[in-house]
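Below is one structure, written out as structure tokens; comments come after it.
Only the coordinates and a few stated rules stand behind these numbers; no lab work does. This is a predicted model, so every value here is computed, not measured. Note that each Cβ is placed from the backbone with ideal geometry, even for glycine, and that neighbours are counted across all protein chains shown.
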Amino acid sequence: MIRTGGKNPSDLRTRFPLAPALLWMLAAALAVRQAAHTLTLPPDRRLTDLETWLGTDGVLHLPGSLYDADTHGTPFSGTPFAGLVLRPLTNAAEDALGVVWTIGTLLIVAAVGVLVARSITATSSSRARVLAAPVLISLMVVSLPVRGNLSLGQLSLLPVLLVLPACLSGAPGRGAGVMAGAAMLLQPAMLLFAPFLWLTGRRGAALTSVGTFAAGTALAWAAMPQDSLTYWVHHVAGAGLGGVPDALSNQSLHGLLLRLGLRGPAEYAVLVALVVPLLWFGLRRAVGYARDDQAVLGAALTGCLVVAVAPVSWQHQQLWILLAAVGRLGKGRSDRLVWPLIVAAVMCFHSDQLVPGNMSAVRTVADNAPLLLAVLAAVAMPFLKRSSPHWVAQMPVLAPAGRAPGRRVPLLPDALRVLSRPNLILELILIRVGYSVYSFIRASVPDQREAAEEHGRQIIGAEQFLHIDMEHRLNHLTAGLDWLKGFSGFFYETFHFLVPLSLLAWLYISRPAQYRSARTVLCVGTATGLLGFWLYPLAPPRLMPGYDYIDTVHGPQDLANPDFGALTQVSNQ
């Protein structure tokens, strides 16, 4: 990779001393936004699982078994120990409990982010440690697992926080082992962390965690024997509780096999045939990375195994997949971004946002992308070891300052003007993620038809005042000449997307420096247009009543119900 301008990009860090404060402000703003969104949802959509458990008519309020669907309608989906711990909370005020639960969930996210950031930057500068934490917290706050925990009022983030100290500490004490055991009591599939702790030399923590799990389970059996029998035996460690096990939100191997139509002994046989080698190879890899002083990656890979082999792995239990983004892949700096961006895209956007359309094969992959990522991370992705010569990414080679190719291209400063070709996969991911963000922001704009039409009248009035209102005459001239109407319509429909994409492809292949600048200009222009769309909504003349404009491509239109053919849903009108 070659840069022009003679400045090392690492020097840029000293030019932004306020970056840590701004990143922490962003993390706080996202957390406040998510909390406000959760607490302002309609009552029937706000903290639904928490209401089912602890509400006035909740499972934990009523007599009988926690898992009796006939009596309670929606049975309790947690372990008997979780029910035992949560039952005292039934006396709390409902509104106050929702606020405290939401704030507590966000504090858990913050604690996980700080723990992970401190571990992955242990050998980095203090500035890197300060920057890593708010970035991780912001990413987790907008991720689907955290949003699911907030909207449902679930407990699934707490086991992650409880097990991390034992995994990240070189010599975890008894307290860390007890916390890991508590995590296993809340989510039994976390028992997989016991062999992980044992094999990484944390044998005291492993024994303490298993002992804590055994003691808590025995306590729950003594206090609620019938519920314990139902959970552990009738439902096989909770399988089938909390939702339909073949739902897409269950991203476990068991759920995938059920969606493929397997049932009964055949499904169990296939499941065992998949789980045994997955655990064998996956656990060995996780232990290897943990011993390589990559404790977060080792814990994340073990968590990915938990997601894959658990009877059920609902969306709110999939935070481990996001943490697997810390793995390093590739030689160059741009290569390093591909894996984290793929993980972030899958864990922050729904499958229909990432892959629109109805192509069955692509849709199947997109719908099961979290499970696919978990399995790939656990057993296949060739994450770098610290001993690898590529552990430190290749720094750009700086060209001498002067008249280098691409020097006159606008917008990009010297230190960011790269002459080499960017990573194609990274570019495609950024395009897909960027379009998803663009669509989300555009869809978030409230309906402003009256304002858009008023702004349109303002523009037309200004054109008339300046005597430059020639568009109406040109519009009718084009509509009256069939050959001109056909040519302009064909040109618009055919080349509107084809020409820019073809130019970008040609620049990418033959002029990489110019490609980077052209791509940047296009992105900045799109972002500016989106900002204008938000601040000053404007109706096109052909959609405004009373002005006699003709849509020469799609015919007469109505702003309230436009029809642009296949582009109706993606047109920025």
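Observations
- Under a model in which nothing but the beta-carbon of Lys, Arg (+1) and Asp, Glu (-1) is charged, the range 449-567 shows a dipole of about 700 debye around its Cα centre.
- Full extension of the chain segment joining M25 with R386 gains 126.6 nm, where the gain is 0.36 nm per residue of separation less the Cα-Cα distance.
- Ranking of K331, K485 by count of other Cβ atoms within 10 Å, fewest first: K331, K485
- Ranked list, fewest to most other Cβ atoms within 10 Å of each Cβ, for I108, I468: I468, I108
- Electrostatic tally near L248: other residues with Cβ closer than 14 Å to its Cβ, Lys and Arg +1, Asp and Glu -1, net -1.
- For L466 and A214, the difference between the fully extended length at 0.36 nm per residue and the C-alpha to C-alpha distance is 82.4 nm.
- Sorted by Cβ density within 10 Å, fewest first, the residues D469, D482: D482, D469
- Environment charge of R328, counting only residues whose C-beta is closer than 13 Å and scoring Lys/Arg +1, Asp/Glu -1: +2
- With θ taken as phi - 60° and the Karplus curve 6.51 cos²θ - 1.76 cosθ + 1.60 applied, the whole-hertz 3J(HN,Hα) list for the range 524-541 is 5, x, 5, 5, 5, x, 5, 4, x, 4, 6, 7, 9, x, 9, 7, x, x Hz, x standing for glycine and proline.
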